[in-house]
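Novice: Have a look at the structure that comes next, please.
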Amino acid sequence: MSKQREDLWEWEKKLQEGEERLAKGQRIINEREQRANENDRLCQQKEKDLEEAQKKIDATNITLRSKEEDVNNRLADIALKEKVSICLCDIVYLYYVFSGCKNLWVHILSCRNTIL
């Protein structure tokens with residue numbers, strides 16, 4: 001009977017050790033699963049942040065293209081006004097040269113050169 005008790009006690013001890021190993025293994029699995037879930041959450045947040053950043057970049061690019069078009073249109077307008085001014089100066093210059101007002105055409109030429 002003493003031998004059976006020892007065997008039973010030995011068997012119970014091995015059973016408890018097995019249960020402890022099983023519980024430890026389950027804790028390790030749960031910790032790994034929690035880390036994996038946290039990593040998934042972080043990846044999803046980073047993906048969301050990247051998508052928002054890309055949307056901001058796209059919106060900024062659209063704004064920049066619009067501003068670039070506006071600047072190009074203004075430059076073209078200025079260039080056209082310069083050409084018109086030069087033509088007007090040339091016309092006035094020719095008018096005064098042919099009408100005999102020699103002193104005024106010198107002033108007109110200096111205005112024209114300032115514009116250029």
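Novice: Need the list of lysines near LYS67 for cross-linking: C-alpha distance under 17 angstrom, and skip anything on the same chain fewer than eight residues off.
Specialist: Counting by Cα, and skipping residues close in sequence, LYS67 has these lysines nearby: LYS56.
Novice: With a sphere of radius 14 Å drawn around the Cβ of ILE29, what net charge do the other residues whose Cβ falls strictly inside it have (Lys, Arg +1; Asp, Glu -1)? All intermediate terms of the calculation are to be shown ahead of the outcome.
Specialist: Details: positive: ARG21, LYS24, ARG27, ARG32, ARG35; negative: GLU31, GLU33.
For residues surrounding ILE29, the net value is +3.
Novice: If you don't mind, there's one more thing I want to ask. Give me the orientation-averaged projected area of the Cα convex hull of the stretch 1-76, in nm², one decimal. Walk me through the intermediate numbers first.
Specialist: Working: hull surface 19.9 nm².
Approximately 5.0 nm², given one-decimal rounding.
Novice: Quick one: 3J(HN,Hα) in Hz for the stretch 37-47, Karplus 6.51/-1.76/1.60 with θ = phi - 60°, rounded, Gly and Pro as x.
Specialist: Once rounded to whole Hz, the list reads 5, 5, 4, 4, 5, 5, 5, 5, 5, 5, 5.
Novice: Could you give each residue of the stretch 63-68 its phi-based ³J(HN,Hα) in whole Hz, using Karplus coefficients 6.51, -1.76, 1.60 with θ = phi - 60°, and x for Gly or Pro?
Specialist: Result, rounded to whole Hz: 4, 5, 4, 5, 5, 4.
Novice: In whole Hz and in residue order, list the ³J(HN,Hα) couplings for the stretch 5-14 that follow from phi through the Karplus curve 6.51 cos²θ - 1.76 cosθ + 1.60, θ = phi - 60°; x for Gly and Pro.
Specialist: 4, 4, 4, 5, 5, 4, 5, 5, 4, 5
Novice: Any idea how far the Cα center of the stretch 30-98 sits from the one of the stretch 1-26, in Å?
Specialist: Between the Cα centre of the stretch 30-98 and that of the stretch 1-26, the gap is 74 Å.
Any read-out appearing in this document is the output of simple, stated calculations on the displayed coordinates, not a laboratory observation. On a predicted model such as this, the values are computed, not experimentally measured, just so you know. Cβ coordinates were reconstructed from backbone atoms using ideal geometry, including for glycine residues, and neighbour counts include every protein chain displayed.
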